[in-house]
Amino acid sequence: MDPGAVRKYLFFISQNYSYAILRPLQQEILRRGDTAAWFLWGNEVNASYLKEDELQLVTVDEVKAFQPDAVFVPGNTVPRFFPGVKVAVFHGFNAGKINRRGLNDHFNIRQCFDLYCTQGPDTTQTFEKLAKQHGYFNVVETGWPTLDPLFKSVESENQSLNIKSDKKTVLMCSTFSRNLTCAPHLFEQVKKLSAMGRWRWLVQFHPKMPKQIVEQYKSLESEHLTFVETDNVLPLLTQADVMLCDTSSVIQMFLVQNKPVVTFNNIEPQPYMVNFTESELLEEKLAYALQFPTSLQNSVSDYIEQLHPYRDGQSSTRVLEAVEQVLQGKLTTEKNKPLNLLRNFKLRKKLKYWKFS
């Protein structure tokens, strides 16, 4: 690459929460004087979330003309026929969710990526083994760019949430999966506890949460409980003293702040969680976690060192440096990436793109 030449990067997204995942990376790209663009696909991502100064490419022809040096993907797939190095940056941490084939979905190799930018040792080690096994992609541990703002100053996009309060704040998050969600099981307890006013409550659910459950919790809004609809959970994480959740990667996002998490019916409870299975125990478990006893603190600290040991807010920088190593031929692979014909045929069909030049 010629000195002073501008790199071009593309964000390939299919969910609204991907905006918040990739914007810290975009900020670093722009700070360097390089260019970033967005390509939205599918019916679950809304272009209205784009900011006025963000560039959107609408067609595959526009992507081809843009000629990105690299494509960043927080999802599972990306078209092979897009130009550029395909980079997996993940939509969350490894939450231990098992797919229909009985495999951990976080480590599912779909023959789409040239580079995996991993978050910490606990996932890096597995991906490095997979890289040796498959031979056509590289793995670099960078930390997760999404969390860079957590280790810098974070200002809430919704200023109304910045309530002055001497009460501890509980952030309740829940996944949408019927088999995993805690939301319907804990509603009556949350209703009772929020009415008592002992704590301040913030409630935020996965965007795919069934509407009836969302409406249930919205009905609880009061001076003690706020239901939050947002595409960026980071400001909420910084405001809360404890998280209440189930089985979701947002748990790990909260834990990296060295704060306690209470889980209901977690599929694989760990020492760094305060897990419970009877809804009537909610108040007791939250009170215990808010004391943050030494044994729990130690378990959380040990876990963070394996999950995401980076506290410098520079993961975006490390990701771009890893991509540059690939672009300059300093990171190579033994094999070529598979053609992945069936998946790319399906992607062409969805994108209605049949040019092969």
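No value in this document is a laboratory result; all are computed from the given coordinates. Computed from a predicted model, the values in this text were never measured in an experiment. Cβ placement follows ideal geometry from the backbone for every residue including glycine, while neighbour counts extend to all protein chains displayed.
At a glance:
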item: Listed peptides 138-145, 335-342 by packing density, highest first (mean Cβ within 10 Å); result: 138-145, 335-342
item: Nearest-ten-degree value, helix 341-351 long axis tilted from longest Cα axis of the chain; result: 80
item: Lysines with Cα under 17 Å of LYS129, excluding same-chain neighbours fewer than 8 positions away; result: LYS335, LYS337
item: Sequence-separation-based contact order of the chain, relative, with Cα cut under 8 Å and 6+ spacing, percent; result: 18
item: ALA36 long-range amide H proximity, modeled H, under 5 Å; result: TYR9
item: Sorted by Cβ neighbour density within 10 Å, fewest at the top, the residues ARG198, ARG7; result: ARG198, ARG7
item: In sequence order, calculated HN-Hα J values of region 252-260 (Karplus, 6.51, -1.76, 1.60; Hz; x Gly/Pro); result: 5, 4, 6, 4, 5, 7, 6, 10, x
item: Ellipsoid equivalent to region 153-307 - semi-axes via the Cα gyration tensor, in Å; result: 21, 18, 16
item: Integer Hz, Karplus 6.51/-1.76/1.60 couplings in order for region 34-49, x for Gly and Pro; result: 8, 10, 10, 9, 10, 10, 9, 9, x, 9, 10, 10, 10, 5, 5, 6
item: Relative contact order, percent, region 153-307 [alpha-carbon distance under 8 Å, six or more residues apart]; result: 23
item: Residue-averaged 222 nm ellipticity for the chain, from DSSP H runs of 4+ at -39500 (n - 2.57), nearest 500; result: -10000 deg cm²/dmol
item: Gain in span if fully extended, ASN258 to ARG198, counting 0.36 nm per residue against the direct Cα distance; result: 19.3 nm
item: Under 19 Å between alpha carbons - lysine pairs in region 153-307 that sit 8 or more apart or on different chains; result: 15
item: Likely footprinting exposure, ASP148, ASP34, fewest C-beta neighbours within 10 Å first; result: ASP34, ASP148
item: Calculated Rg and Dmax of region 12-125 using C-alpha coordinates, Å; result: 14.7, 44
item: Rounded Å value of the spacing that divides the Cα centres of region 79-151 and region 12-73; result: 19
item: Estimated FRET transfer efficiency (ILE267, THR59; beta-carbon r; R0 56 Å; 0.05); result: 0.85
item: Cβ-based exposure ranking for MET172, MET209, in which fewest neighbours within 10 Å come first; result: MET209, MET172
item: Label-point separation in nm, LYS349 to VAL6, each point 7 Å along Cα→Cβ; result: 3.8
